[in-house]
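The values are calculated or read from the model by the stated rules, or taken from the named source; none is laboratory data. Only a predicted model underlies this, so the values are computations on that prediction, with no experimental measurement involved. Here Cβ is always computed from backbone atoms with ideal geometry, including for glycine, and neighbour counts include all displayed protein chains.
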Amino acid sequence: MKIELKNGRPSSEEEILALEAALGLKLSDSFRAFLQTHNGAVPENNTFEISDGNDSGVRKFIPVGEILRERAYLENISPKAYPVAFDSCGNYVVIDEDKGGSVFFWDHELEEFLELAADFGAVLDLLEPLDIKSIKLKHGQVKKAWIDPEFLKRLKEK
């Protein structure tokens, strides 16, 4: 892993088993191992490529106790898929156990899943440190921005 994580805590085996029972599946080994040390971790500023010219970054890894609640916000999700991380724009990183534990990016605007990696461990390897100060916007480059009011409400609750 190329980035640092902070504020994570070890998840208990009971928490993991409760999530597996609620989802009706066994969590991917790589994600289970992550939860055992970094449950709810916040990564340093980072970026990863979704597709050519389209990047995002993980803002926070979803704590095991919040995965079911967050899953309810995703439409058209496979019965054996569950969100594991948020980006900064209302999108999710999702593991789909029906697809061998492959990891996808769920774009809330397009409501589509874009494959990122074969497993959760490979996604962690995709994350690159990002120096926010290195981003330079030209005057007039951003024409407008919109945030879903429900998403903003959830952000303020955290």
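Which strands (runs of 3 or more DSSP E) does the stretch 48-158 wholly contain that include 2 or more residues that are closer than 16 Å to SER30 by Cα and free of Cβ contacts under 8 Å to residues at least 40 places away in the same chain? Step through it out loud before you land on a result.
Details: elements: 54-56, 81-86, 92-96, 102-107, 112-117.
The strands (runs of 3 or more DSSP E) meeting that bar are 81-86, 92-96, 102-107.
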Quick check on the stretch 60-79: of everything there that is at pLDDT below 95 and farther than 23 Å from THR47 by Cβ, which residue is surrounded by the most Cβ atoms within 10 Å (Cβ to Cβ)? ILE77
Among the residues of the stretch 17-47, the number that are outside any helix (DSSP H, G or I) and touching a strand residue (DSSP E or B) at 6+ places or on another chain (Cβ under 9 Å) is 12
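For GLY101, are the conditions met, namely being surrounded by fewer than 17 Cβ atoms within 10 Å (Cβ to Cβ), under 15 Å from the mean Cα position of the chain (by Cα) and closer than 25 Å to LEU23 by Cα? I'd like the intermediate steps shown before the answer.
Details: surrounded by fewer than 17 Cβ atoms within 10 Å (Cβ to Cβ): no; under 15 Å from the mean Cα position of the chain (by Cα): yes; closer than 25 Å to LEU23 by Cα: yes.
Taking the combined requirement at face value, the residue does not satisfy it.
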For the stretch 7-15, check the following and say yes or no: at least one residue is among the polar types (S, T, N, Q) and either surrounded by fewer than 18 Cβ atoms within 10 Å (Cβ to Cβ) or assigned to a strand (DSSP E or B) (or both). yes
Would you mind finding the one in LEU130, LEU126, LEU110, LEU114 that is at pLDDT below 90 and touching a strand residue (DSSP E or B) at 6+ places or on another chain (Cβ under 7 Å)? LEU130
Pairs please, first residue from the stretch 22-42 and in contact (Cβ under 8 Å) with a residue 40 or more places away in the chain, second anywhere and assigned to a loop (DSSP other than H, G, I, E, B) and not hydroxyl-bearing (Ser, Thr, Tyr), Cβ atoms under 7 Å, 6+ apart in sequence or on different chains. LEU25/LYS80; SER28/GLY101; SER28/ASP119; SER30/ASP119
